[in-house]
Amino acid sequence: MFILTRFFIFCANLYILTYIYLLKKNYCKCSEDWRRDFIYYYSLVYIFTVVTFVIYPELFYENFMFSLFLKIIMGLLLLVNIYCLYTYPDMLDENDKCICAKNPITKFMKILGIFYILVMIFMFIYLMIYYMNNEFPGKNKINTKNVQNILIVEKV
């Protein structure tokens, strides 16, 4: 399921990148906005990162700090991308005179933004439930019944 979701997101970013590229190539003045540029560059970086991971996964496995830094940066940029995907189609729809931007993909962008929001909400709920059930994940809980059997060794 995880691989299928990643593949869907990759294809969605490729589809959106194509649409934004055509808007830029056709010099659609009414679609000019910082959100258009952000969606375009974020999709480019995302696609490049996924392709690099598929072709050369050792780069990410061997460089843990680089991989962690990239995940944090892409996660923060994803939040901005979600905002852009959700609000940019509304800006295009408000401008009725903009014929060059009329395309069904604007509805797809809005749906993808909602999909991302739902995934973020479910991840938040899952993490909250996980951390409430496991107070200290990664640490062993001390069994107080066996505390009397612990032998304390002092240095000589």
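At-a-glance table
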quantity: Estimated Rh, segment 39-113: Kirkwood, alpha-carbon pairs, angstrom; calculated: 14.3
quantity: Solvent-accessible area per residue, Å², over segment 30-80 with all protein chains present [probe radius 1.4 Å]; calculated: 68
quantity: Phi to ³J(HN,Hα) by Karplus 6.51 cos²θ - 1.76 cosθ + 1.60 over segment 114-121, Hz, x for Gly, Pro; calculated: 5, 4, 4, 4, 5, 4, 5, 5
quantity: Mean projected area (nm²) of the alpha-carbon convex hull when segment 20-72 is viewed from all directions; calculated: 4.4
quantity: Sites residue 24 and residue 115, calculated FRET efficiency, Cβ-Cβ separation with R0 22 Å, nearest 0.05; calculated: 0.35
quantity: Phi-based couplings in Hz for segment 103-111 (Karplus 6.51, -1.76, 1.60; Gly and Pro marked x); calculated: 7, x, 5, 5, 5, 5, 4, 5, 5
quantity: Span per principal axis, largest first, for the Cα atoms of segment 1-91 (Å); calculated: 45, 25, 21
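The values are calculated or read from the model by the stated rules, or taken from the named source; none is laboratory data. Please read all numbers here as calculations on a predicted model, not as lab measurements. With ideal geometry, Cβ positions are generated from the backbone for all residues, glycine too; neighbour counts draw on all protein chains shown. Surface areas here come from the heavy atoms of the whole protein model, side chains and all, with no ligands, DNA or RNA. Shrake-Rupley method; radii C 1.70, N 1.55, O 1.52, S 1.80 Å.
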